[in-house]
Structures are given as C-alpha cells and as structure tokens.
Amino acid sequence: MSGPVHAIAADVRSGRRSAAEVLEEHLGRIGEREESVHAFNLVTADAARQRAGQIDRAVAAGGDPGPLAGVPVALKDLICTRGVPTTCSSRILEGWVPPYDATVVSRLAGAGAVFVGKANMDEFAMGSSTEHSAFGPTRNPHDLSRVPGGSSGGSAAAVAAGFVAASLGSDTGGSIRQPAALCGVVGVKPTYGLVSRYGLVAFASSLDQIGPFATTVADAALVLDAIAGHDPRDSTSLPGKRPAAGSRLGRGAEGLRVGVIAELAGAEGISADVAARVSEAAEALASAGAKVEEVSVPSVVYGLSAYYMMAPAEASSNLARYDGVR
Amino acid sequence: MAQPISKDDVAHVARLARLALSDDELEQYTSQLAGVLRHAADIEALDIEGVEATAHPFPLVNVLREDLPTPSLDRDEVLAQAPDVDQDRFRIPRILGEAP
C-alpha cells in the first residue's frame with residue numbers, strides 16, 4: 001500500500017513531518033507552475049495554512065487527525081464549500097458563496113485533509129477538454145500544448161503537476177476517467193450511490209458521481225473510502241455498509257475474470273494507439289493470472305446515443321434554475 | 001439524409017433562449033444539433049417490442065425521512081447570498097403584471 005497520500009498521512013500522524021511543511025512544499029510547486037498550467041480557479045492558501053496549523057496542533061496534543069492527516073487536496077469547482085466561492089467555471093454563479101459544505105467536503109475535513117483550492121473545469125461540467133471554462137483553459141502539465149481532458153481537467157492536472165496529493169472530480173459521461181487517462185493519473189468513477197452528491201452542482205442526476213484522483217490506486221482507494229458511505233441528505237445514496245476499497249488491494253489478478261468487449265475492438269472513433277494499449281492491458285492482466293475472455297455486449301454500441309438522449313435532457317431540467325424566471 | 005433540424009428551427013430556439021447567433025454560428029449549431037438528433041434516430045430504429053420499460057437499472061423507491069424538525073441552514077447566511085432581501089425572504093423582480 002503506497003503513494004504520496006499514504007506517505008503524507010503516515011508522516012503527519014506520527015509527527016515525522018508537519019502538515020505545514022507538507023503544505024508549503026505543495027504551495028511552492030503551485031507558485032512555480034500554476035500560471036502556465038491553470039489547474040485552479042481559486043487557491044485558498046491562507047485557509048489551508050490555518051487548517052494545517054490546526055492539524056499539527058492536534059498531533060502535538062496527542063490526537064489523531066485521521067487517515068488523510070495533512071494531505072493537500074483540490075476540489076472540482078462544482079463541489080460546494082461553505083464560505084468559499086463555487087463557480088462551476090461559469091460567470092452565472094460569479095460572486096455566489098455556498099452557505100454549506102458538500103458531504104464529501106465535511107467527510108474529507110473529518111479525515112484530516114487540507115483543502116488547497118477549487119479546480120478548474122468545463123463550464124457546468126459540459127465538455128471533455130477543460131477548454132470551455134469562463135476563466136480560461138487548463139493545460140496538461142506533461143505537455144502544455146495539450147489539453148488535460150475534462151470536464152474535471154483541473155482536478156486531474158493538479159494531481160499530475162504535484163500541486164496536491166489527491167483531488168475530487170465528478171463524472172457523468174467520463175469526466176473523471178478521461179482526464180485521469182490524459183494526465184497519467186488514477187481516477188475512479190465510483191458505483192452509483194456509493195458517494196453522496198449532497199452539495200454537488202448537478203449535471204445529469206441519473207449519471208453524476210463524485211470520485212477521487214490520485215497518483216496510485218492505493219491512494220485513490222484511501223480517498224474513496226474517506227468519502228464513501230450512506231448519506232441521508234442524498235436520496236440516491238445506497239443504504240448499508242460496503243466493504244472498503246482499500247481492503248481489496250494487494251490481492252493480485254489471480255482468479256479475476258476480465259471481459260474484453262468484442263463490439264468495441266476496432267469500433268469507429270477508437271485510435272490505433274488506444275486500441276493497442278487496451279490489448280496490452282488485457283495481456284498484462286492475463287500474464288498476472290486473470291482469466292481474460294472476449295465477451296459480446298451487442299447493446300454497447302447504443303451507449304453513446306442513449307447518453308445523448310438522457311444527459312442533455314437531465315441537464316436541461318437541472319440547469320433551468322440558473323435561467324431565472326421570465 | 002435529410003437534415004433532422006433546419007437553420008430556421010435553430011434560429012427560433014436561439015430567439016427563445018435570448019441568444020444572438022451570427023450566421024456562421026447558426027450553421028455550426030444546426031449541424032451539431034443534427035448530430036445529436038441522429039443519436040435519437042439510432043435509438044428510435046431499435047426493435048423494443050416486448051422489452052419492459054426501465055426507468056433505472058436499480059430498484060429505487062422514493063426515500064422519505066421522518067417528519068421531524070432537524071437543524072437546517074443558517075437563515076442569515078443563506079439570505080446574505082441574495083441580491084435583495086425583504087425581512088426574512090428573498091426579494092425578486094415582479095413577474096406578474098397588474099391589470100392596467
């Protein structure tokens with residue numbers, strides 16, 4: 001089990017390093033590269049320093065701030081933060097300050113995380129490149145001439161650039177998974193209902209999920225376990241307890257059955273490079289002991305068309321409120 | 001294939017949405033919206049005879065809580081976000097005219 005999130009939390013909890021020192025290291029990287037990457041709509045350095053100080057005092061007093069003690073985290077700018085502007089990268093919400101925290105925010109705070117800022121995104125999460133933000137595009141930290149993907153491009157870029165150890169994004173039709181892939185980090189769209197959406201500005205409610213970005217699978221699992229769980233304030237939140245993602249790590253691929261969907265191999269719109277990487281991943285899983293087999297899912301080719309029926313219809317309902325009454 | 005949406009349709013929708021579109025933008029959005037509508041045609045072409053209607057893959061039911069008072073958001077903090085307030089309420093522009 002490893003990664004910077006695990007390492008920071010272990011160091012801060014044991015007093016080997018202070019949360020303040022960890023934060024300054026990350027703020028330093030933000031100072032060096034944020035102007036060219038533009039991962040953030042807002043960097044809350046002062047509030048983060050106060051919070052890191054609190055965590056260090058708790059450790060000094062013999063307390064345990066939690067499994068994410070001192071871990072610098074960025075939040076996609078459609079996750080409500082009490083007292084901190086939440087813009088959805090749109091001028092429609094300019095000047096609005098949420099009077100409450102999203103459930104994921106209070107859970108991360110309860111686990112000891114330090115919020116560093118609000119991450120850029122495609123406006124109201126509509127886009128796949130983070131070029132469509134009212135505050136300007138985010139660039140891919142690996143190559144500034146390329147896009148970071150989207151809509152959670154700021155969250156992915158912030159982790160890839162080392163500005164934060166982990167971040168949260170939201171995924172309706174790929175908005176965590178695709179920027180994670182483009183920025184070379186780990187991103188998870190959790191099972192629907194696993195993570196509360198209370199305080200998430202909605203796009204398409206039957207598809208939206210909040211999920212983590214990190215640099216390793218183990219780190220992403222740790223953040224996911226901190227935000228997952230039933231919330232009575234989200235009526236689609238799954239009741240009951242579920243096994244922690246972290247408890248399933250380290251078992252290897254032995255005994256796993258992996259299906260490779262036949263209809264997607266060579267499908268229209270898939271680049272040869274991507275198809276080759278998918279084959280390599282299947283081969284890697286097979287040589288690690290998984291049983292890899294081709295499966296047929298004939299309806300999968302209608303997925304995109306079904307998405308284009310449902311997502312815009314739900315977005316139209318959800319966003320009508322910003323149109324006012326006329 | 002016939003265009004599923006005309007430039008006039010797009011101009012009409014733009015007027016309803018109070019959007020001023022240039023002629024180039026009208027062309028661009030007509031072809032983009034036509035692309036979206038072709039997705040509808042793909043779904044419409046499916047034979048769904050005998051397929052049960054599915055609103056959601058999970059058996060979701062309405063979730064209701066006990067009707068008991070619980071703490072809610074701070075009224076002053078919420079009202080502080082309003083452009084205009086009258087006593088404890090949001091004040092908004094009049095939307096219904098009075099009879100002349």
By the gyration tensor of its Cα atoms, with a ≥ b ≥ c the square roots of the eigenvalues, what is the shape of segment A:4-250: rounded for a/c under 1.5, prolate for a/b over b/c, or oblate? rounded
Net dipole in debye of the protein assembly as shown [+1 Lys, Arg Cβ; -1 Asp, Glu Cβ; about Cα centre; nearest 20]: 1240
Cα-based helix-to-principal-axis angle, B:7-16 vs chain B, degrees rounded to 10: 0
Which aspartates and glutamates, on any chain, are close to B:K7 with Cα under 18 Å apart, when same-chain ones fewer than 8 places away are left out? B:D23, B:D24, B:E25, B:E27
Relative contact order [Cα under 8 Å, 6+ residues apart], segment A:232-326, whole percent: 33
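Quick one: divide the alpha-carbon radius of gyration of the protein assembly as shown by 2.2 N^0.38 Å and tell me what you get.
Cα Rg divided by the expected 2.2 N^0.38 Å: 1.07.
Suppose every Lys and Arg Cβ carries +1 and every Asp and Glu Cβ carries -1, with no other charges. What dipole size does segment A:4-250 come out with about its Cα centre, to the nearest 20 debye?
Numbers: 22 positive and 23 negative charges, 107 e Å.
With only Lys, Arg, Asp and Glu charged at Cβ, the dipole is about 520 debye.
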Taking only DSSP H segments of four or more residues, each worth -39500 (n - 2.57), what value at 222 nm results for chain A once the sum is divided by all its residues, to the nearest 500 deg cm²/dmol? -11000 deg cm²/dmol
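Anything over 25 Å Cα to Cα? Flag those among A:K189/A:K241; A:K118/A:K189; A:K118/A:K241, in the order listed.
Checking Cα-Cα distances, A:K118/A:K241 exceed 25 Å.
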Plugging the Cβ-Cβ distance of B:D84 and B:I48 into 1/(1 + (r/R0)^6) at R0 = 60 Å yields, to the nearest 0.05, a FRET efficiency of 0.75
Cα to Cα, under 14 Å, and not fewer than 8 places away if on the same chain: which aspartates and glutamates meet these conditions relative to A:K291? A:E254, A:E283
Farthest toward positive dipole pole in segment A:254-326 [+1 Lys/Arg, -1 Asp/Glu at C-beta], among A:A262, A:S296, A:A311: A:A311
Positive end of the charge dipole of the protein assembly as shown (Lys, Arg +1 and Asp, Glu -1 on Cβ, about the Cα centre): tell me which of B:G97, A:F203, A:G250 has its Cα farthest that way. A:G250
In Å, what is the Rg of the alpha-carbon atoms in segment A:243-290, and how long is Dmax? 13.6, 38
Measure nothing but the geometry: give the 0 to 90° angle between the long axis through the Cα atoms of B:23-44 and the longest principal axis through the Cα atoms of chain B, rounded to 10°. 80
Which one of B:P69, B:Q32, A:S237 has its Cα pushed farthest toward the positive end of the charge dipole of the protein assembly as shown, where Lys and Arg give +1 and Asp and Glu give -1 at the Cβ? B:P69
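Read-outs throughout are calculated quantities, based only on the coordinates presented, and are distinct from any laboratory measurement. This structure is a prediction, so every number in the text was calculated from the model and none was measured. Because the Cβ atoms are built from the backbone with ideal geometry, glycine has one as well, and the counts that use them run over all protein chains shown.
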